[in-house]
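The values are calculated or read from the model by the stated rules, or taken from the named source; none is laboratory data. This structure is a prediction, so every number in the text was calculated from the model and none was measured. Here the Cβ positions follow ideal geometry from the backbone for every residue, glycine too, while neighbour counts run over all protein chains shown. Ligands, DNA and RNA are stripped out before the accessible areas are found, and what is left, the full protein with its side chains, is counted by its heavy atoms. Shrake-Rupley method; radii C 1.70, N 1.55, O 1.52, S 1.80 Å.
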2 protein chains.
Amino acid sequence: MVERGGSGVPGGRRKQRVSMADVAQLAGVSSQTVSRVSNGHPGVISSTREQVLAAMRELGYRPNSAARALRYGQFNTIGVILFSLSSTGNSRTVEAIATHAAAEGYAITLIPIDVPTQDNVLGAFTRMGELAVDAVIAIMEIHLLDAATVQLPPGVHVVVVDSDAGDRYSVVDTDQADGARKAVRHLLGLGHRTVWHVTGPETSFASRRRTQAWRAVLEEAGRPVPPPLYGDWSAESGYAAGLALAEQPDCTAVFASNDQMALGLLRAFRERGRSVPEDVSVVGFDDIPDAAFFVPPLTTVHQDFAEVGRRCVQGVLHQIRTRGGPHPGTDLVPTSLVVRSSTAAPR
Amino acid sequence: MVERGGSGVPGGRRKQRVSMADVAQLAGVSSQTVSRVSNGHPGVISSTREQVLAAMRELGYRPNSAARALRYGQFNTIGVILFSLSSTGNSRTVEAIATHAAAEGYAITLIPIDVPTQDNVLGAFTRMGELAVDAVIAIMEIHLLDAATVQLPPGVHVVVVDSDAGDRYSVVDTDQADGARKAVRHLLGLGHRTVWHVTGPETSFASRRRTQAWRAVLEEAGRPVPPPLYGDWSAESGYAAGLALAEQPDCTAVFASNDQMALGLLRAFRERGRSVPEDVSVVGFDDIPDAAFFVPPLTTVHQDFAEVGRRCVQGVLHQIRTRGGPHPGTDLVPTSLVVRSSTAAPR
DNA sequence: CCACAGCATGTTTACGTAAACATGCCGTGA
DNA sequence: TCACGGCATGTTTACGTAAACATGCTGTGG
């Protein structure tokens, strides 16, 4: 049996990949005509076009994107840098970015950073700079970013999520402060004297913004501001905070900075015999799909991650297409409060 | 004020991007020497090397990956095709893939498919074929795949997750059957007469495999096989199943095909006044981080997604490096049972 | 003192594509 | 009948990189 390649190209030693020249030869035209057909240019008579298309089909031709990119100086690819896909928010944002980018003919290239140190961020941006990307969407905090973006070649556009750098970068984010205000006001509106708070990690801008807003609402309302408990987004840290809060007899309402920590709170309160919502009300943030099935179903602030992703893509594409420089400004996506059964008036 | 570019290159109309030729000119050497320095080749005297490096720094040179890819016929990129990042399993697998790929100098390009139709899969593979990838990791079922992989150019390697196509493709997956057996045997071992089951979606191979194993264990043990309840991975579908199961007085043990559906079960049982684990034991699958904080903490089958991702990358890299054809075979990652508080002996 | 080995560096070329420019043919109008 | 316009197609070239080959210099051994 003669050795055969998968491509069905006859004639012994086949080339690794079919090029325009191969198609041109088979169709009996020049490679430029193949190029014109491939790109749908006008000015190719239909009989010629058909011949070329037939030859393409027969050889299984596909354009070489590296050559195209070299020619055009564009890659039709957007890079995404983030710390972790583990959080619901990040993975859903990335998914939305990928979907919308695809709709616009862009692929996305992912670089996750396992340990969020300045060095690793720098390295990731350096790699992005060497990679074939036209733009970068960074899902991280600004202070980690500033030194890093210089690693990008000029002409690579940047959009940032989870940051307050609207004066220098194009920023898209959920309206964290507004969401947190809704949560705290909801609890105060139910008649709670004040609201305790479990924060996210210090390194997250979103978390700090939620904490600020929580404090601001309490201060505006002239309520005492209890010391915040420090979490790290994980259910486990929420659980630890819950065990501590269960010891505070005057704690009747808690705003957790995300749903997973709220889940930890629920478990801790249950273990300590404090009923939710009868003894303590709990509000989360994110509205992950599971939140409706917590025990009890969680009142939380809904984030529209898909919209954040959409606007990120829109932002970078606008920069790419207008060849504009950084287009500073902050684009905030609104939130909504979803009231379920984990909140009630104090008794 | 004179118009200035961001690159700091003096002299009016700068080029969009710094090339080797620019560096060579500044350093007073040929571009080939720059290439040698850039790639760390030996045979460049250190004084020359220093000059070139200095010129690179001054101009902010970075290699053009498109030109490199064209030259080498390799892109150092792995494509990943999947249906959704929303499921914990997928997003964590992708994260592991990205991390390990990065460690090997490969970037990953993501193509999510929003609606899992044959046409969309075909389209995704077509786009992958035009994209700059050396290999593809497909996280999906085989029957959606077969027609699609022909869209890839010859020479693009494929590794599949969530499939039983070990005879034709290189498959990496969690050992679904073994995990399911562990779950069901655990429940039988506690003294339950039989085990009810909530399935995942019909379109998931992982789900079908778990269901098969559940049935097989019951049959081997000579126990009655209750009709399975059909879910779709969501907590909501688990909740619906739970409401139905709560009506079955002889139901004392349930194996849910994932943790989110188990969460739905827990809520349904609670609402219907059936205590877990006193009245009903529940086991999930996945061991998502939150599972330890469900009410009660969930007994579940732990999947090592990171290991799955690692082996995927290892698999494609092996194919790339040996230029081997598809390397059929199935590589199963073991699971472990994590016993928490949602299971107990029947009373 | 010269030939030649060995090494640092330069020159040519190819990778696949597509813009820019060139060619050649057909039809139309004077 | 011929000049010219317009159109289908072909030829040349550049994109940035790096292998392959060429050059020229330095030092050493006969």
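Taken over segment A:106-127, residues that are more than 9 Å from every other protein chain (Cβ to nearest Cβ) and either out of contact with any Leu (no Cβ under 8 Å at 6 or more places or on another chain) or closer than 16 Å to A:Ile78 by Cβ (or both) amount to 8.
When restricted to residues that are assigned to a loop (DSSP other than H, G, I, E, B), open to solvent by less than 50 Å² (accessible area, probe 1.4 Å) and either in contact with a Gly (Cβ under 7 Å, 6 or more places away or on another chain) or in the same structural domain as A:Val280 (by TED's automatic domain parsing) (or both), segment A:297-341 contains 4.
I'd like the residue in segment B:96-105 that is out of contact with any Ser or Thr (no Cβ under 9 Å at 6 or more places or on another chain) and more than 7 Å from chain A (Cβ to nearest Cβ) and, out of all such residues, is surrounded by the fewest Cβ atoms within 10 Å (Cβ to Cβ). Walk me through how you get there before you give the answer.
We begin by selecting, within segment B:96-105, every residue out of contact with any Ser or Thr (no Cβ under 9 Å at 6 or more places or on another chain); these are B:96-100, B:102-105.
In the following step, the residues that additionally are more than 7 Å from chain A (Cβ to nearest Cβ) were identified as B:96-97, B:100, B:103-105.
Details: B:Ala96: 22, B:Ile97: 30, B:His100: 20, B:Ala103: 11, B:Glu104: 14, B:Gly105: 9.
The residue in question is B:Gly105.
In the set (1) within 24 Å of B:Val301 (Cβ to Cβ); (2) surrounded by fewer than 23 Cβ atoms within 10 Å (Cβ to Cβ); (3) more than 9 Å from chain A (Cβ to nearest Cβ), B:Thr93 fails one condition alone, (2). Restricting attention to segment B:313-344, and to residues there that are closer than 28 Å to B:Val133 by Cα and within 14 Å of chain A (Cβ to nearest Cβ), which single residue is modelled with the highest pLDDT? If we take residues in segment B:313-344 being closer than 28 Å to B:Val133 by Cα and within 14 Å of chain A (Cβ to nearest Cβ), then B:Val313 is modelled with the highest pLDDT. Condition first: outside the structural domain of B:Pro326 (by TED's automatic domain parsing), without any contact (Cβ under 8 Å) to a residue 12 or more places away in the chain and assigned to a loop (DSSP other than H, G, I, E, B). Can you find one or more residues in segment B:222-231 that meet it? Within segment B:222-231, one or more residues are outside the structural domain of B:Pro326 (by TED's automatic domain parsing), without any contact (Cβ under 8 Å) to a residue 12 or more places away in the chain and assigned to a loop (DSSP other than H, G, I, E, B). Search segment A:233-279 for residues being open to solvent by 50 Å² or more (accessible area, probe 1.4 Å) and closer than 18 Å to B:Ala292 by Cβ, and hand back the single one that is farthest from the other protein chains (Cβ to nearest Cβ). Ranking the qualifying residues of segment A:233-279, first place goes to A:Arg272. Residues that are of a type in the set (Lys, Arg) and near DNA strand D (Cβ under 10 Å from one of its atoms) within segment A:16-37 comprise just one, A:Arg36.
Among A:Val158, A:Val150, which is open to solvent by 10 Å² or more (accessible area, probe 1.4 Å), part of a helix (DSSP H, G or I) and within 14 Å of chain B (Cβ to nearest Cβ)? Full working, then the answer.
On the way: A:Val158 fails: part of a helix (DSSP H, G or I).
When all the criteria are applied, what remains is A:Val150.
Among the helices (runs of 4 or more DSSP H) confined to segment B:12-75, the ones with at least 2 residues that are more than 30 Å from B:Val136 (Cα to Cα), more than 7 Å from DNA strand C (Cβ to nearest atom) and not basic (Lys, Arg) are located at B:20-27, B:31-38, B:46-59.
Considering only residues that are in contact (Cβ under 8 Å) with a residue 24 or more places away in the chain and assigned to a helix (DSSP H, G or I), which ones fall in segment B:232-251? Matches in segment B:232-251: B:Ala235, B:Glu236, B:Ser237, B:Gly238, B:Tyr239, B:Ala240, B:Ala241, B:Gly242, B:Leu243, B:Leu245, B:Ala246.
Of all residues in segment A:47-67, those satisfying the criterion of being more than 8 Å from chain B (Cβ to nearest Cβ), open to solvent by less than 80 Å² (accessible area, probe 1.4 Å) and within 11 Å of DNA strand D (Cβ to nearest atom) are A:Ser47, A:Thr48, A:Arg49, A:Val52. Picking from residues in segment B:68-85 that are open to solvent by less than 60 Å² (accessible area, probe 1.4 Å) and under 25 Å from B:Ser30 (Cα atoms), the one that is modelled with the highest pLDDT is B:Ala69.
Would you call B:Val136 part of a strand (DSSP E or B), within 14 Å of another protein chain (Cβ to nearest Cβ) and either out of contact with any strand residue (DSSP E or B) (no Cβ under 6 Å at 6 or more places or on another chain) or open to solvent by 10 Å² or more (accessible area, probe 1.4 Å) (or both)? It is false that B:Val136 is part of a strand (DSSP E or B), within 14 Å of another protein chain (Cβ to nearest Cβ) and either out of contact with any strand residue (DSSP E or B) (no Cβ under 6 Å at 6 or more places or on another chain) or open to solvent by 10 Å² or more (accessible area, probe 1.4 Å) (or both).
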